[in-house]
Amino acid sequence: MNAGNLIHDPYNAIITGVGGQGNVMASRILGNILSRKGYFVTIGETFGVSQRGGSVMSHLRISKKSVWSPQIPRGQAHIVVALEPTEAIRVIAAYGNPAVRVLSNTRPIHPVGVIAGELKYPSLDEIRASLGELAAEVALIDATGEAMKLGQAILGNVIMMGAVAGAGVLPFNAEDFREVISETMSADKVDVNMKAFSKGEEMIKGCAVI
Amino acid sequence: MSYLFDTNEGARYLMMGNDAIVRGALEANVNVASAYPGTPSSEIIENLSKASQKRNIYVEWSVNEKVALEVAFAASIAGLRSICAMKQNGVNVASDFLLHVALSGTRGGIVLLHCDDPGALSSINEGESRHFARMIELPLLEPGDFQEAREMTRWAFELSEELRSIVIMRSVTRLSHASGNVTLGRLGTPDGKARFKYEAVPGDPDSGPVITMPVPPHHALLQEKLKKAIAIFEKSPFNTYTGPEKPELLIITCSACNLYSREAVHLLNAQDRVGILKIGTTWPLPPKLVARHLAMTDRVLFVEEVLPFLEENVKVIAAETASEVGIKKFYGKNDGTMPTINEMNPDIVVDAVKKILGVEYTAMDEGYAKHAKEHLAALAPVRDLTFCPGCPHRASFWNLHNALAMDNRRGFVCGDIGCYTLGFLPCGFSTMKTSHSMGSGIGIASGFGKLTQFGMDQPILAVCGDSTFFHAAIPALVNAIHNKSDVIFVLLDNSGTAMTGFQPHPGTPLDAKGGPLPTIDPADICRSLGATVEYADPFDTDETQKKLLALMQEKGARVLIMKQMCALSPEKKGKKMFEVRVDQELCRGDTCGCSRLCTRIFRCPGLVWDSNRQAAVIDEVICAGCGVCVSICPSGAIKKTEAGR
C-alpha cells in the first residue's frame, strides 16, 4: 500500500473494443492490480446487450485521493487503449483532447454495416493519420496477429495490457499482472498469458510512436 | 482471498456494486436468496450461490420474479433473512405479490433489491421502479457509492426487522456494473432456524397466520411503519451533506448521480459555492432533514435518474415548510434544466450548474471537438447490434424469414425479451414485428389469431426463448390453445438463460449451486395442452424451412422447437464445429448475380467482404464454425470441413 504519484490524479484510462474481445476482463485485471497497490480505482463498464457486435468501453479512474464517477467527463481521457482501431477514433470524439495518448491494436473487426456494403471501413493508413492528428502520441501494434501466433486471438487484450505497462504511463509490471491472474487461472493459462504480456511490453518498445 | 469469505474486517477490495451488495447480504447473515436473472442484477445471485458452497444459504434461480419474491417471503415469515434480486422489469412482475406483502408485513429481514437500467443499456425500456415504493407504501433505499452499497444492504435487513416490513433497495447499472473500492465489515456465522408460527390470533405479528384482512387496520399499520421509517431516516448516516454552510446552490441527489454531482463540482472548482445533499433514504423522505437543508439556500438543483422522483417529493416538503424555509428557485426535470430520459453523467450536471451559477467551463476545445467529430463521421463506421457469430438465432430467423417469404401471405413474427429481441433488426432479417415484455409474443399472437372474423388472413407466428417460456409464456400459450387461436408457437431453445450468462431454468438439470435437479420438458407441457410438437435444428436450414412451410398450411395448436445451443455456452464457446472457408475460385463476387447475398443480407460478423479481392472471405478470428453460411451460397463457394476436435 505505497501508492506512488500519478502523472494525473485521477488518471483516466479508457479501454475500448468490440464485444467479445476481452475488454471487461482487461479492465478488471488492471483495476485489481492498481487497487492492490493502494490506489482508489473506479471502473465504469458498458456490457450486456451492447456486447452483441457493439462497441464496448471501460472507463478506469485511478487516484490516490478517492473514488470518482464511473463515467469519465467529456474530453478528459489521458490514455485510450483500443483493442480495435476505429474504436479509438470513436472514443476520442467524446473523451479526447490534444494531449491524449493512444495505444491501439491494428486488427479490424468489420461492423455489420461494412460487411453489408452500406458503410466504409477506413484503411490502416487513414486510421494512423487520423489518430496522429487527434492525439499527442499514438502507438499501433498488431496485437491480434501476435496473439494468433501464441495460439489464441483472444490474448490480444493481454498483449495490449503488456503494451500499457511497457509504455510506462501506469505504475505496474509483469509481476503485478502475474500475481493477479494467478489467483483465478490455472498454471498453464498463466504461462501463456505471461508470454502475451511480455510480447506486448516488447512490441511497444520497438514501436514507432507518431 | 475472495471477498465472499474474507473474515478480515477492514480489508479493502475492488468490487462491482453487485459484489458489494452480496458482501453486505453475507455480513447480514442472509439465509435465503432468490431471483430471476436480468441485467444488471444477475451477479448478485450468482455470487451468493458461490458463497453457498461454504455457508448455509439456500440460493434459487426462480421461474420468474413474482415467484422469487414469494420464495424469499416464505423464508421471512419462517423467521429467516432473505434477499430477492431483479432488474427493473422484475418489479412489475412481482408487484402484485409485493402489494400484499406490504399489507401482511414480514418477520425475518427481507430485502427486495432491484437494479434499474437508466439509458436502457441492456433493456428494452428504462422503467423506473422507485415509484413502486411510493405506490405500495414501502421504504426505499438508494446507495450513493460502492462502499454504501455494502453498508446499506447490511443495514436494510435490520431496518426490515425493526419495521416488520419488506425494504426495497434500488441500484442502477452504473453502480451494479461499475466497480470501486470497498472496505469489508465483520462477517459472522450464519444462523437461524426456520419455523412458521401460526398458532396465535390473526394479526399477531410474531406468531399469527399471515394475511392482509381485515384490510383497513392492516393499511393503517403499514402507514404507522412508514412514520417509524421517517423517524429513523431523519437520523440516517446515509443522508449526507458536503459543502459550505450557505451554498449558492444546493444539489439534491441520490444513487450514481451522487458521483456525477461530486465530479461536476470538482470540475467547476465550485466547492465553496455548491453544496451536495446526497439522500440514501429516498422514500419516505425525512421532512425535517430536507427542510433543514432547503433553508440553507435559495436555489436547488435535482440530479437523479430517470424521472423526477426526488424532485417531486422534495417539492411537497418545500411547499409544506415554505413559511419556515422560504421560497426556492427549483431547477430539475420539471423546468427542463435536466433531461427526463436516458442516464445522467458528469457533463450534464456541469452544464446545469454552469448555467445556474454563470461560470465558465469548456469540456473540449471547440476546434478540436469539431475536428474529432469529422473524423468520427468519416472513419468510425457505426456498429449496429447483431447476433454473435455462430448464434442459432441468426439461423432461426433466416429460416423464419425465408419460410414466410415462400408462403407469401405477409405472415409475421411476434417476439419478446431475450437475445432474439434483435430479430427486429437487419441481423434477424427484420422478421420480428412486435417485441414487448416477457412472454408477450405468444400473448399478442394469441390475440392476432382471433382476428380472422375481421378478415385477418396473415400467418401468425410467435417466438420465445426457453427461459422466457417458463417465466411468462405458458399462460399465454394456454390462452391461445384454449381459445383456438390460429398461431404457430416457435420455441427458440438454446439451452439456458443465454443473454444474462447461462443461468439455469426449469428446463435445465442444475440448481444455482450446480447440483442436480429434475428437468421439465417444454415439449411435454405443450403436448399436454393438446399441441402438436415438432423439432428442427435451425442449422439445418432446408429441413427447418420445409417444416415451417408445412406448419403454415395446417391449422390448430402447433409448436415447433428449434433446438441449438447458444454459441457462447460453456459447452460450445471457443470450439468450432466446422472449419469454414470461401473457395476463391468459386466465389464470383459482384459478377455472380447473387448480389452479395452472403454479406449484404446474411451479415454474419465472421463472413466479410474483401474489397481488394472483390469476394467474400471468412474472418478466421471471428468465425465460430457453425457452417450455416455454406447453405446460403448459390455458387457453392463456401466450404466446410469437420473441425479437428
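What follows is calculated from the coordinates using simple rules that are stated; it is not laboratory data. Please read these numbers as outputs of a predicted model, since none were measured by experiment. Every residue, glycine among them, receives a Cβ derived from its backbone with ideal geometry; neighbour counts consider all protein chains shown.
Some notes on this structure:
- Result for chain A in a Gaussian network model with C-alpha springs under 10 Å: among A:R107, A:R28, A:R52, the largest mean-square fluctuation is at A:R52.
- One quarter of the surface of the convex hull around the alpha-carbon atoms of the stretch A:70-165 equals 6.9 nm², the direction-averaged projected area.
- Cut-off of 10 Å, at most 16 other beta carbons, DSSP loop: longest stretch of chain A lacking such GluC sites (Glu not before Pro): A:1-117
- Taking one quarter of the surface of the C-alpha convex hull of the stretch B:392-563 gives a mean projected area of 9.3 nm².
- Each helix, a run of at least 4 DSSP H residues, gives -39500 (n - 2.57); summed and divided by the residues of the protein assembly as shown, these come to -10500 deg cm²/dmol at 222 nm.
- Two-site FRET efficiency, B:T183 against B:I520, from Cβ-Cβ distance with R₀ of 41 Å, rounded to 0.05: 0.40
- A:M185 paired with B:K288, simple spin-label distance in nm, labels 7 Å along Cα-to-beta-carbon: 5.7 nm
- Three semi-axes of the equivalent ellipsoid, chain B, Cα gyration tensor, whole Å, largest first: 47, 33, 24
- Segment B:I327-B:Y198, extension gain: residue separation times 0.36 nm, minus the distance between their alpha carbons: 41.2 nm
- The 3J(HN,Hα) values that the Karplus relation (6.51, -1.76, 1.60; θ = phi - 60°) gives for the stretch A:157-171 are, in residue order, 5, 6, 4, 5, 5, x, 5, 4, 4, x, 6, x, 8, 10, x Hz. Gly and Pro appear as x.
- Stokes-Einstein D for the protein assembly as shown, Kirkwood Rh over Cα pairs, 20 °C, 1.002 mPa s (µm²/s): 74 µm²/s
- Of the GluC sites (Glu not before Pro) found in the stretch B:233-332, those in coil by DSSP whose Cβ has at most 13 other Cβ atoms within 10 Å are B:E245.
- Normalised contact order of chain A, rounded percent, pairs of Cα under 8 Å and 6 or more residues apart: 19 percent
- The mean of 1/r over all pairs of different alpha-carbon atoms in the stretch A:115-156, once inverted, gives a Kirkwood hydrodynamic radius of 12.4 Å.
- Rg(Cα)/(2.2 N^0.38 Å) for the stretch B:512-645, N = residue count: 1.34
- Across all C-alpha atoms in the stretch B:578-642, the radius of gyration and Dmax reach 10.5, 30 Å.
- Across the stretch B:12-234, Cα-Cα distances exceeding 29 Å account for 20% of all pairs.
- For a modelled paramagnetic label at B:K555, 7 Å from Cα along Cα-to-Cβ, the residues of the stretch B:444-471 in reach, with backbone nitrogen under 19 Å, are B:446-461.
- For the stretch A:11-205, the normalised intensity computed at q = 0.12, 0.13 Å⁻¹ comes to -0.55, -0.65 (log10 of I(q)/I(0), Debye sum over alpha carbons, equal scatterers, no solvent).
- Full extension of the segment from B:E9 to B:D365, taken as 0.36 nm per residue of separation minus the current Cα-Cα distance, would add 123.5 nm.
- DSSP finds beta bridges in chain A, and of those with both partners inside it, around 50 percent are antiparallel.
- Farthest toward positive dipole pole in the protein assembly as shown [+1 Lys/Arg, -1 Asp/Glu at C-beta], among B:T541, B:G90, B:V478: B:V478
- Once the Cα-Cα distance is subtracted from the 0.36 nm per residue extended length, the B:S595 to B:T242 segment shows a gain of 120.7 nm.
- Counting Cβ atoms of other protein chains within 10 Å of each Cβ in A:82-90 and taking the mean gives 3.
- Taking all Cα pairs closer than 8 Å and separated by 6 or more residues, the relative contact order of the stretch B:366-521 comes to 18 percent.
- Size-normalised alpha-carbon gyration radius of the stretch B:238-281, reference 2.2 N^0.38 Å: 1.04
- Taking the square roots of five times each eigenvalue of the Cα gyration tensor of the stretch B:94-173, the equivalent ellipsoid has semi-axes of 22, 17, 8 Å, listed largest first.
- Where chymotrypsin sites (Phe, Trp or Tyr not before Pro) fall in DSSP loop in the stretch B:427-534, at most 16 other Cβ within 10 Å: none
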